[in-house]
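Reviewing the structure listed below.
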Amino acid sequence: MILYFSGTGNSRWVARQLADGLNDEMLSIAELYLESRKLVLGKDEPLGFVFPVYSWGPPQIVLKVLEALSFDVVPSYLYFVCTCGDDVGKTAAIFRRAVKKKGWRCKAGFSVIMPNTYVCLPSFDVDFKSVEEKKLEESNGRMEVVLGAVMHRLKGFDCHEGGLPILKSYFIRPLFNAFLSSPKKFHVTDDCIRCGLCEQVCPVHNIKMNEKPEWGSDCTMCLSCYHHCPKHAIAYGSQTQNKGQYLHK
């Protein structure tokens, strides 16, 4: 069983590679978040989590669904694969601690570098096309390594922490979650054609179409709405002006 969360497609692609290679099933974490239900895990069935890294840690929605999960058996091989634009900080430690609180054990974890998607702070933007293409090309080889490790149920953590991981994950991340993850700054420009695509692609149904799109309070900051907008009409304050869009095809 593979539980995944994805806004722009990077993590969904990783989950699909795993599902195809392992002949496993994929389940959306966003759907489990909206409608909690009992899942059945086989005695020796592996349990995988796939998610993007948000401010050097797992997205809050992933941790909330993990906390609510319940099985009749303890997962025999629990692992995660996280996607990131550059580095992951202490994501592995944060996720492992959340798993341990349930009395389970996370036995393996991997990071996969994918194109950048975060655009809501100064100096943060999508990658240049050449960088995007290079990352996508290299991700194929990386997934072969990850898939082989999971197939053989190898133990250990192969995650690119990057520089100053403690500062990033334990000091910057809490500030980001507290002050920089609000949907209040989302709005549309005059280019909006009211097609409703943003409402359709929001994984947690946080956008409602009235005269124009309106954002509720239950936002994951996945930026699916921003990157899917066909007219590039969705903005986050003034921070996204003249910045790019990206979707994994």
task: With respect to Ile172, determine if the residue is in the same structural domain as Cys159 (by TED's automatic domain parsing) and more than 17 Å from the chain's Cα centre (by Cα).
output: yes
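Condition check ((1) in contact with a Cys (Cβ under 8 Å, 6 or more places away or on another chain); (2) closer than 20 Å to Arg153 by Cα; (3) outside the structural domain of Met221 (by TED's automatic domain parsing); (4) exposed (fewer than 14 other Cβ atoms within 10 Å of the Cβ)) across all residues:
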| position | (1), (2), (3), (4) |
| --- | --- |
| Phe49 | no, yes, yes, no |
| Pro59 | yes, no, yes, no |
| Asp72 | no, no, yes, yes |
| Phe80 | yes, yes, yes, no |
| Gly89 | no, no, yes, no |
query: Taking Gly89, is it in contact with an Asp or Glu (Cβ under 7 Å, 6 or more places away or on another chain) and at pLDDT 95 or above?
result: yes
message: Checking the condition touching a residue at least 40 places away in the same chain (Cβ under 8 Å) and either closer than 18 Å to Leu22 by Cβ or of a type in the set (Asp, Glu) (or both), which residue from Val126, Val146 passes?
response: Val146
query: Of the conditions (1) part of a helix (DSSP H, G or I); (2) more than 11 Å from the chain's Cα centre (by Cα), Ala30 fails just one. Which one is it?
result: (2)
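The values are calculated or read from the model by the stated rules, or taken from the named source; none is laboratory data. This is a predicted model, so every value here is computed, not measured. All Cβ positions, glycine included, derive from the backbone under ideal geometry; neighbour counts span all protein chains shown.
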